[in-house]
1. Over 10 Å intervals from 0, what percent of Cα-Cα pairs in region 20-173 sits in each interval?
2. What figure in square angstrom, to the nearest 10, would you give for the accessible area of His97 with a 1.4 Å probe?
3. Given labels modelled 7 Å from the Cα in the Cβ direction, how far is it in nm from Glu95 to Arg31?
4. With every protein chain in place, what's the accessible area of Asp119 (1.4 Å probe, Å², nearest 10)?
5. What FRET efficiency, computed as 1/(1 + (r/R0)^6) with R0 = 25 Å and r the Cβ-Cβ distance, is obtained for Gln43 and Gln168, rounded to the nearest 0.05?
6. Percent of accessible area on region 112-173 owned by carbon and sulfur, 1.4 Å probe?
7. Please give the per residue accessible area of the chain, computed with a probe of 1.4 Å over protein heavy atoms only, in Å².
8. How far apart, in nm, are two points set 7 Å out from the Cα along the Cα-to-Cβ line at Met52 and at Thr150?
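The values are calculated or read from the model by the stated rules, or taken from the named source; none is laboratory data. Small disclaimer: the values here were computed from a predicted structure and weren't measured. Cβ placement follows ideal geometry from the backbone for every residue including glycine, while neighbour counts extend to all protein chains displayed. Just so you know, the surface numbers come from the protein's heavy atoms only, side chains and all, with ligands and any DNA or RNA stripped out. Shrake-Rupley method; radii C 1.70, N 1.55, O 1.52, S 1.80 Å.
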Amino acid sequence: MREYKLVVLGSGGVGKSALTVQFVQSVFVDRYDPTIEDSYRKQVEVDGHQCMLEILDTAGTEQFTAMRDLYMKNGQGFILVFSIIIEQTFDELVELHRQILRVKDSATVPIVLVGNKCDLEGDRKVQRHQGVERSVQWGNMPFYETSARTRINVDEVFYDLVRLINLQNPAKHDKSKKGAKKCSIL
């Protein structure tokens, strides 16, 4: 069984932990408890192949930025998360993206861009087209709008990242895509 090291990055309060816990345990965590570092393992089937995902849920606060280079060095794929209701979190991903490319010393790194909290449409500050434009600007990476609360596109984000890793580092995998649920933009 192939193992994958996935890293979830983004500013504090964007829902990185809620997204990860919803994926791993199918539970929505609605209280905000700042993460330093949490690691999860989950066995899944992606495109007919068993995969063991090791998911690192990282800190969103500035005081832990020294740890980021290590996360980035060891990670095979990255989920960059922003909150659609806080524009600053979208802007802050530019630096994280730059750091990933620098640490990996590559222009092609498996990354999925995620606009979380799409269930809060009435409070939206970052428009869908902005996420699409950013994903195109960064090399046509997949972009999803998710809701950890209502489980919209949660699985798709992680499965698509596995597919991207397989494309970059093939091991006889089927590269077909499954359809996404409401709120997604690819």
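1. 10, 40, 41, 10, 0
2. So the heavy atoms of His97 present about 20 Å² to solvent.
3. Placing both labels 7 Å along Cα→Cβ, they lie 3.0 nm apart.
4. Approximately 60 Å² for this residue.
5. 0.70
6. C and S atoms contribute 49 percent here.
7. Each residue of the chain exposes 48 Å² on average to a 1.4 Å probe.
8. Label-label distance for Met52 and Thr150, simple model: 3.6 nm.
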